[in-house]
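Here's the structure we're looking at; comments come further down.
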Amino acid sequence: MRIVVLTGAGISAESGLRTFRAEDGLWEEHRLEDVATPEAYARDPALVHRFYNARRAAAAHAQPNAAHEALAALAERHDLTLVTQNVDDLHERGGARHVIHMHGQVNRALCAACGHRWDAPAEMDSATECPACGSAAARPDIVWFGEMPYHMDEIWAALERADLFAAIGTSGQVYPAAGFVQHARRSGAHCVELNLDRSAVSREFHEHLIGPATRIVPDWAAGL
Ligand code: APR
């Protein structure tokens, strides 16, 4: 069976990483316009670096949970395309071998001057130099609002041939990820949403499993 799974911040919540839109979410503490747009980086790169340095440290201290591990095990039994909106590396540390990070990765750096990518140091700031061109133009390799998500051709192709599409731990409020379910439905896939509560696109799904990811994801994956 060909499966496409899309994950969001909710799959890492029980690992202790904050989600975005809960009452204690990241967007309650920072306006996304101040830390997650190219304009924010141009206006105040130090604030943007501080925001992502904190998220990089939080991700480094977090451990993958049973939901991450269940998806890694699922990939050993089925043709699984694992797409995540998350920028942490908990899927990889949970055993997943091929993860499509459509919003980038907090552990990677990108040179705003020459486009070179490298493994980010624990802390970056405006003085961090690009190892390729030497410019002090390092930014987190994160897809900010207004920028094009990564690997979209691979993702659309996987959705078009999927037999099963599952969205796990995402509020369905950010496109293009929130539109994946419609694309999968049009391709004839069975669509299931696994989430703590209903998302903005719940009505698009054929099936809903409600609960914490560490409980519902292993049970769901084991049944496939
Ligand atoms: N188990 C399952 N689902 C959970 C859990 C949990 N333990 N905890 C929270 N959730 C659900 C919430 O109900 C919510 O629907 O996870 C979802 C998290 O939603 P958001 O905080 O909006 O995160 P996400 O959907 O990943 O955001 C998408 O928005 O800000 C941008 O680029 C950022 O990738 C992010 C994108």
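Odds and ends about this structure:
- Annotation note: Cβ proximity below 8 Å between a residue of the range 167-183 that is over 15 Å from Pro149 (Cβ atoms) and open to solvent by 30 Å² or more (accessible area, probe 1.4 Å) and a residue that is assigned to a helix (DSSP H, G or I) and near the ligand (Cβ under 6 Å from one of its atoms) (sequence gap 6+ or interchain) occurs for Ser171/Gly10.
- Test: residue in the range 129-144 that is in contact with a Lys or Arg (Cβ under 8 Å, 6 or more places away or on another chain) and within 16 Å of the ligand (Cβ to nearest atom): yes
- For the range 203-215, filtered to residues that are within 20 Å of Ala13 (Cα to Cα) and open to solvent by less than 80 Å² (accessible area, probe 1.4 Å), the residue that is farthest from the ligand (Cβ to nearest atom) is His208.
- Taken together, the residues in the range 23-36 that are open to solvent by less than 90 Å² (accessible area, probe 1.4 Å) and either in contact with a strand residue (DSSP E or B) (Cβ under 8 Å, 6 or more places away or on another chain) or within 11 Å of the ligand (Cβ to nearest atom) (or both) amount to 7.
- Within the range 64-78, the presence of a residue that is basic (Lys, Arg) and not assigned by TED's automatic domain parsing to the domain that holds Ala166 is excluded.
- Among residues of the range 21-35 that are farther than 19 Å from Gly172 by Cα, none has a beta-carbon under 6 Å from a residue that is more than 7 Å from the ligand (Cβ to nearest atom) and assigned to a loop (DSSP other than H, G, I, E, B) at least six positions away or on a different chain.
- Residue count, the range 1-21 (criterion: among the hydroxyl-bearing types (Ser, Thr, Tyr), modelled with pLDDT of 95 or more and assigned to a loop (DSSP other than H, G, I, E, B)): 1
- Residues considered: Asp24, Asp34. Of these, the only one that is assigned to a loop (DSSP other than H, G, I, E, B) and over 18 Å from the mean Cα position of the chain (by Cα) is Asp24.
- Residue under evaluation Ala40, criteria (1) near the ligand (Cβ under 8 Å from one of its atoms); (2) in contact with a helix residue (DSSP H, G or I) (Cβ under 9 Å, 6 or more places away or on another chain), criterion not met: (1)
- Scanning the range 1-22 for residues that are within 24 Å of Phe205 (Cβ to Cβ) and more than 10 Å from the ligand (Cβ to nearest atom) yields Met1, Arg2, Ile3, Val4, Val5.
- Among the residues of the range 71-93, those identified as closer than 13 Å to Ala221 by Cβ, under 17 Å from the mean Cα position of the chain (by Cα) and in a helix (DSSP H, G or I) are Leu71, Ala72.
- Qualifying residue in the range 91-109 (condition: among the acidic types (Asp, Glu), within 19 Å of Ser12 (Cα to Cα) and open to solvent by 10 Å² or more (accessible area, probe 1.4 Å)): yes
- Residue check: Glu123 meets all listed conditions (1) outside any helix (DSSP H, G or I); (2) outside the structural domain of Ala9 (by TED's automatic domain parsing); (3) open to solvent by less than 50 Å² (accessible area, probe 1.4 Å); (4) charged (D, E, K, R) but one, namely (3).
The values are calculated or read from the model by the stated rules, or taken from the named source; none is laboratory data. Quick caveat, the model's predicted, so the values are computed rather than measured. Reconstructed Cβ throughout: ideal geometry from the backbone, glycine too, with neighbour counts over all protein chains shown. Each accessible area value is taken on the protein alone, full model and side chains, heavy atoms only, with ligands, DNA and RNA left out. Shrake-Rupley method; radii C 1.70, N 1.55, O 1.52, S 1.80 Å.
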